[in-house]
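The values are calculated or read from the model by the stated rules, or taken from the named source; none is laboratory data. Not measured: the values here are computed from a predicted model. Backbone-built Cβ (ideal geometry, glycine too); neighbour counts: all protein chains shown.
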C-alpha cells in the first residue's frame with residue numbers, strides 16, 4: 001500500500017473553503033448515509049429500551065454539534081449497536097423492559113434514569129479528552145476487545161430474534177439462546193414473514209452488490225424498507241385485527257410498527273429530560289462507568305480504523321474527538337437521546353459514497369432532522385420486524401465465524417482469550433468479561449516469561465546513533481499492558497524529534513500480538529511524517545503461529561534442542 005501523503009494543498013479540509021469546494025460531494029454522501037442511518041437509528045434505539053425517536057435525536061446532535069468540535073473528517077457520529085447491551089442492561093436494572101410488553105410508567109422511569117447515567121458518562125468523556133487521556137484506549141488487548149464485540153453480536157441476535165418473529169420475550173442472553181426453538185414455535189406467521197424476508201435481503205444483497213453496479217449503489221437497508229413497508233400495509237398492520245392459520249388465531253396491530261409522532265414537528269413533543277435523582281443510587285455508577293469505558297473505547301477504535309481508510313491519510317486528534325463525542329453525548333442524553341460514538345459502519349459507507357470532509361456528517365444529520373420533523377407519519381409504517389432483521393445481521397457480522405478463524409490463526413492463546421472474554425460477557429456483563437480477558441492475558445504473559453514488573457513498565461535502552469537516527473533496545477517484555485509508555489518513547493524519540501527510529505527486539509523475551517499490531521499503526525504515522533520506524537531482532541524470537549502479527553517469545557537453547 002502506498003502511504004506517501006499527497007501534497008498538502010490537495011488534502012480536503014473541513015473549513016469554510018472546504019464546505020463550499022466540496023459541497024456537492026459531501027451533501028451527496030450525507031444523503032446516502034442518511035438512508036442507511038435512519039432505519040439503524042430507529043432499530044438501535046428500540047433495541048436499547050428507548051423510544052424509537054431517541055436514536056434519531058442522537059444522530060442529529062452528533063451531526064450538528066460534534067462535526068464542529070472534532071477534527072475527524074470522515075467519521076459519522078451516532079448511536080451504535082455495540083452500546084445496545086449496556087443501554088438495555090441499564091434500563092432493565094432500573095425496572096424497565098423497553099418494548100417488551102408495551103411502553104408503561106416503569107419504562108419511562110427507567111428511561112429517564114438511564115438518561116441521567118448518560119449525562120454523567122458524557123461528563124467523564126469530556127474530562128477524559130481534556131486531560132489528553134485518549135491514549136488509554138491503547139491499553140486494551142486486541143483479543144479481549146474482539147471477544148467483547150463478538151459477545152455483543154451474540155446478545156444482539158438473541159434479543160432481536162423475538163422481535164423478528166413477532167414474539168414478546170425478555171430474559172438473560174444465554175437463556176434466550178436456549179429458548180430459540182420456542183420462539184420459532186410461538187412466532188406470529190405474518191410478522192415472521194416480514195422479518196425473514198428482510199433478513200434474507202440483508203444477507204443476499206451484499207452478494208448482488210458484488211456482481212452488479214446498479215445494486216452497489218443501493219444500500220441493503222433501503223431495499224429492506226422498500227419491501228417490508230408494502231408487506232406491512234398489505235397485512236393491515238395499521239389496524240387492529242386477527243387472523244387464523246392452521247387452527248391458531250393471531251393478532252395484528254400497529255404495535256408491530258415503529259412508534260413515531262403523528263404530526264409534523266411532533267418530534268419536539270418527545271423530548272425527555274433525565275431524572276438526575278437516579279444518580280443517588282450506587283447501581284447507577286456501575287452503568288456510568290460502563291457507558292464511559294465501552295463507549296469511549298469503541299469510539300476511539302472506530303475513529304482510528306476510519307483514519308486508516310481515509311484516502312488522504314488525515315489523522316484525527318483522538319482527545320479532541322473524545323471531547324466532541326462527550327459533549328454530543330451530554331446534549332443527547334439531556335433531550336432523551338442515546339449515547340453516540342464515531343460509528344464505523346456508517347463511516348465506511350461515508351467513505352465509499354465519496355465524502356471529502358466532516359460536512360458529510362453534518363448533512364446526514366440535516367436530512368435526518370428534516371425527515372423526522374416533516375414526515376414522521378411515513379416512518380410509522382416501518383415494521384419492527386424489518387428493523388430487527390437489520391440488527392440481527394449487524395450482530396452476525398460482529399460475531400462472524402471468520403472472527404473465530406482469524407483469532408485462531410494468530411495463535412491458540414489468542415483464541416483462548418477471545419473465547420473466555422466472549423463466554424464471561426454472555427454469562428455476566430461487559431466489564432467483568434473484558435476484565436477477565438485482560439487478567440487471563442496477563443497470566444499467559446507471566447507463564448511465557450514476563451516479570452511482574454515488566455508487565456507494566458518496559459525496560460528500554462535509548463541509543464543515539466547519529467543526528468537523524470535513534471535505536472531503542474527493548475529488554476524483557478513488550479506487551480499490551482506496557483505498550484503506552486513504549487509508544488510514548490517512540491513518539492518522543494522519533495516523531496517529536498524528527499528522527500528515524502530502529503526498535504530492536506534482539507534482547508526481548510516476549511512481544512505480544514497487540515504490540516505487533518500497534519507497531520504497524522505507529523509505522524504509518526512515521527511514514528506520513530516522512531520518517532522511518534524499523535523493527536529488528538524479531539528473528540531471534542519464536543512466533544506462536546505463521547500469522548504476521550503473531551506473538552513471539554524467546555525459547556531457551558535447551559527447549560529448542562528438545563523441540
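When the residues of the range 400-430 are filtered to those that are surrounded by fewer than 19 Cβ atoms within 10 Å (Cβ to Cβ) and under 16 Å from the mean Cα position of the chain (by Cα), which remaining residue is farthest from residue 155 (Cα to Cα)?
Among those that are surrounded by fewer than 19 Cβ atoms within 10 Å (Cβ to Cβ) and under 16 Å from the mean Cα position of the chain (by Cα), it is 403.
When the range 504-516 is examined, which residues are found to be farther than 23 Å from residue 315 by Cα and within 33 Å of the chain's Cα centre (by Cα)?
Of the residues in the range 504-516, the ones farther than 23 Å from residue 315 by Cα are 504-513.
Within the range 504-516, 510, 511, 512, 513 meet the criteria.
Please go through (1) within 33 Å of the chain's Cα centre (by Cα); (2) assigned to a helix (DSSP H, G or I); (3) over 23 Å from residue 307 (Cα atoms) for residue 519 and return the number of the only condition it doesn't satisfy.
Residue 519 satisfies all of (1) within 33 Å of the chain's Cα centre (by Cα); (2) assigned to a helix (DSSP H, G or I); (3) over 23 Å from residue 307 (Cα atoms) except (3).
Test residue 42 against the stated conditions and say whether it is assigned by TED's automatic domain parsing to the domain that holds residue 291, in a helix (DSSP H, G or I), surrounded by fewer than 24 Cβ atoms within 10 Å (Cβ to Cβ) and modelled with pLDDT of 90 or more.
Judged against the criteria, residue 42 is not a match.
Out of the range 465-487, which residues are over 14 Å from residue 451 (Cβ atoms) and either touching a residue at least 40 places away in the same chain (Cβ under 8 Å) or assigned by TED's automatic domain parsing to the domain that holds residue 145 (or both)?
480, 483, 484, 487
Could you tell me how many of the residues in the range 250-274 are outside any strand (DSSP E or B) and surrounded by fewer than 18 Cβ atoms within 10 Å (Cβ to Cβ)?
Residues that pass the stated criteria total 12.
Do you know which of the residues in the range 138-183 that are outside any helix (DSSP H, G or I) and buried (at least 24 other Cβ atoms within 10 Å of the Cβ) is modelled with the highest pLDDT?
166
Restricting to the range 231-249, and then to whatever is farther than 14 Å from residue 385 by Cα and either outside the structural domain of residue 198 (by TED's automatic domain parsing) or outside any loop (DSSP other than H, G, I, E, B) (or both), can you tell me which residue is nearest to the chain's Cα centre (by Cα)?
Step one: filter the range 231-249 for residues farther than 14 Å from residue 385 by Cα, giving 234, 236, 238-249.
After this cut, where a residue has to be either outside the structural domain of residue 198 (by TED's automatic domain parsing) or outside any loop (DSSP other than H, G, I, E, B) (or both) as well, the list is 234, 241-245, 248-249.
Values: 234: 36, 241: 40, 242: 40, 243: 41, 244: 42, 245: 41, 248: 41, 249: 41 Å.
Only one residue fits best here, namely 234.
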